[in-house]
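Worksheet: the structure to be examined is printed underneath.
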């Protein structure tokens, strides 16, 4: 090998080594900058971030409402009593309505909606004279069955849908929320069930969640991301033009995008979008159907640790996409927090 060739090789090696050193220094600087930012962020949290917001002005006379209560009769009988005092289910549900019933199903036993009460509420809808609409019972447990196809409505019917419960069922011979599915299918009733699935994966997917074998679902979504403009598929919308943003510290904000689901009735094929209403598919596109959409929230009254009694306040967590921000790990939501994690710390990551 010539002296010139050896010298050229040495120069090339020097250049490559120098470039690697610069790249390494740049990466180290980035990591250091991030650690410094997180350090300052954690130590300059503003009291206003976790403070109770100002009360919304309330006109007790103009905004008063009536609550109809059923009690002491058992779950199904209590539904009967409350609806009787209302004047019947047809006071709020029309004969052509598409009725979506949101239940609580992430946890079994007392953590789920009472099964007998859901069954009885559905029966009241079906008993409306001349009813020609349909009922779709749904929930987002934020778990899914990876072995089911992405367009399978049962992909998200996890957790309390499949895990037996020792209490809070109250229907003879039944032991889980999912027993509603074959019951109404056997009646050929216009009732179907849909398990929503988040659009992104989660850093918590491997956690046991009191089901270490993940027999009743894996936490997190299918990682397809949000519905894109023009797409007619089911899934979640992530609206980055409608972001709730709140200053957390002297140097950082917490922020979460608006999310809402679109899903298809397994029975009729009608498409339900919680923002755009009822639609149908024509030639690969979505068009308005015109049928009224009615929403019934059948949740359970909960308490959450140190917070104490929270009633039904967290039930809407089963409407939103929990992967649209930390601890979701989809690249589109880097720097955002999910609604649930937003209230915990507001930082992108738990460090």
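The values are calculated or read from the model by the stated rules, or taken from the named source; none is laboratory data. The shown structure was predicted, so the numbers you read here are calculated from the model rather than taken from an experiment. Heads up, the Cβs are rebuilt from the backbone with ideal geometry, glycines too, and the neighbour counts pull from every protein chain shown.
Against the definition (out of contact with any helix residue (DSSP H, G or I) (no Cβ under 8 Å at 6 or more places or on another chain) and closer than 26 Å to residue 157 by Cβ), how does residue 126 come out, yes or no? Give the steps one after another, and end with the answer.
On the way: out of contact with any helix residue (DSSP H, G or I) (no Cβ under 8 Å at 6 or more places or on another chain): yes; closer than 26 Å to residue 157 by Cβ: yes.
Criteria met by residue 126.
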Specify the residue that is nearest to residue 192 (Cα to Cα); the eligible residues are those in the stretch 298-310 that are modelled with pLDDT under 95 and surrounded by 17 or more Cβ atoms within 10 Å (Cβ to Cβ).
299
Of all residues in the stretch 171-192 being within 19 Å of residue 125 (Cβ to Cβ), part of a loop (DSSP other than H, G, I, E, B) and touching a residue at least 60 places away in the same chain (Cβ under 8 Å), the one that is farthest from the chain's Cα centre (by Cα):
189
With part of a loop (DSSP other than H, G, I, E, B), modelled with pLDDT under 95 and surrounded by fewer than 17 Cβ atoms within 10 Å (Cβ to Cβ) as the only criterion, which of 54, 129, 146 stands out?
54
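So that you can scan it fast, the table gives a plain yes or no per residue for (1) surrounded by 15 or more Cβ atoms within 10 Å (Cβ to Cβ); (2) part of a strand (DSSP E or B):
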residue: 226; (1), (2): yes, no
residue: 245; (1), (2): no, yes
residue: 256; (1), (2): yes, yes
residue: 280; (1), (2): yes, yes
residue: 287; (1), (2): no, yes
residue: 296; (1), (2): yes, yes
residue: 324; (1), (2): yes, no
When the stretch 258-269 is checked residue by residue, the ones that are in a loop (DSSP other than H, G, I, E, B) and at negative phi are 265, 266, 267, 268
Which of the residues spanning the stretch 86-117 are within 17 Å of residue 159 (Cα to Cα) and either without any contact (Cβ under 8 Å) to a residue 60 or more places away in the chain or assigned to a helix (DSSP H, G or I) (or both)?
107, 109, 110, 111, 115
